[in-house]
Amino acid sequence: MHLDTAIHLISSGIEKSSSPQVWVDLGAGRGLFTKALASQLPAESIIHAVDTDAAALRTIELPDGITFRTQQHDFVHDELHLPLLDGVLMANSLHYVKDKYTFMKAIRSTLKPAGRIILVEYDTSRSNTWVPYPIAYTALEKFAHAFGFSSVQKLAEVPSVYQGSMYAALLL
């Protein structure tokens with residue numbers, strides 16, 4: 001995937017504001033979506049990138065004006081030390097979470113009252129080696145409403161080179 005596609009997927013889910021924002025990218029990897037997020041945030045914003053791969057985290061370069069902090073952790077099992085957040089980005093990472101209910105409850109507690117979660121996932125319910133616990137968009141809608149999110153919105157969808165399509169969704 002290219003940076004412009006990543007930006008297309010998530011940009012409409014990021015609050016447009018001149019005030020700095022604080023976000024976390026869970027499962028940041030080499031930072032494609034971290035870079036996409038950084039391109040949409042105002043100056044002096046902070047992005048925390050979390051991944052188990054320290055070498056991948058070291059390759060991420062963000063534009064000047066964005067504070068970048070990394071944490072080498074397993075975002076599912078390790079305790080994360082995060083401030084209150086304006087947003088959580090999970091691009092191709094929620095499908096690694098088996099117990100989504102418990103996980104989302106913990107993540108939701110890190111959000112400010114108007115905080116948002118942006119998810120990018122494969123639109124499938126069939127698991128495979130790379131996507132062990134998928135969540136199709138229709139399942140996400142039911143899950144999010146049952147958990148108490150007031151709004152679930154599909155932001156964008158693109159074809160996937162691996163299977164079907166990928167969607168980006170905003171949870172408020």
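The values are calculated or read from the model by the stated rules, or taken from the named source; none is laboratory data. Keep in mind the model is a prediction, meaning the values are calculated, not measured. Cβ sites come from the backbone with ideal geometry, for glycine too, and all protein chains shown count toward neighbours. Surface accessibility is based on the protein's heavy atoms, side chains included, excluding ligands, DNA and RNA. Shrake-Rupley method; radii C 1.70, N 1.55, O 1.52, S 1.80 Å.
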(message) Can you pull out every residue in the range 122-141 that is open to solvent by less than 50 Å² (accessible area, probe 1.4 Å) and in contact (Cβ under 8 Å) with a residue 40 or more places away in the chain?
(response) Tyr122, Thr124, Ile135
(message) Need pairs with beta-carbon distance below 8 Å; first residue over 17 Å from Ala49 (Cα atoms) and within the range 90-108, second open to solvent by 80 Å² or more (accessible area, probe 1.4 Å); sequence gap 6+ or separate chains.
(response) His95/Tyr133; Val97/Tyr133; Lys98/Tyr133; Lys100/Tyr133
(request) Specify the residue that is farthest from Arg69 (Cα to Cα); the eligible residues are those in the range 1-26 that are open to solvent by less than 20 Å² (accessible area, probe 1.4 Å) and part of a loop (DSSP other than H, G, I, E, B). (result) Ile14
(message) Go through the range 75-121 and report how many residues are farther than 23 Å from Ser45 by Cβ, open to solvent by less than 30 Å² (accessible area, probe 1.4 Å) and either touching a Lys or Arg at 6+ places or on another chain (Cβ under 6 Å) or modelled with pLDDT under 95 (or both).
(response) 3
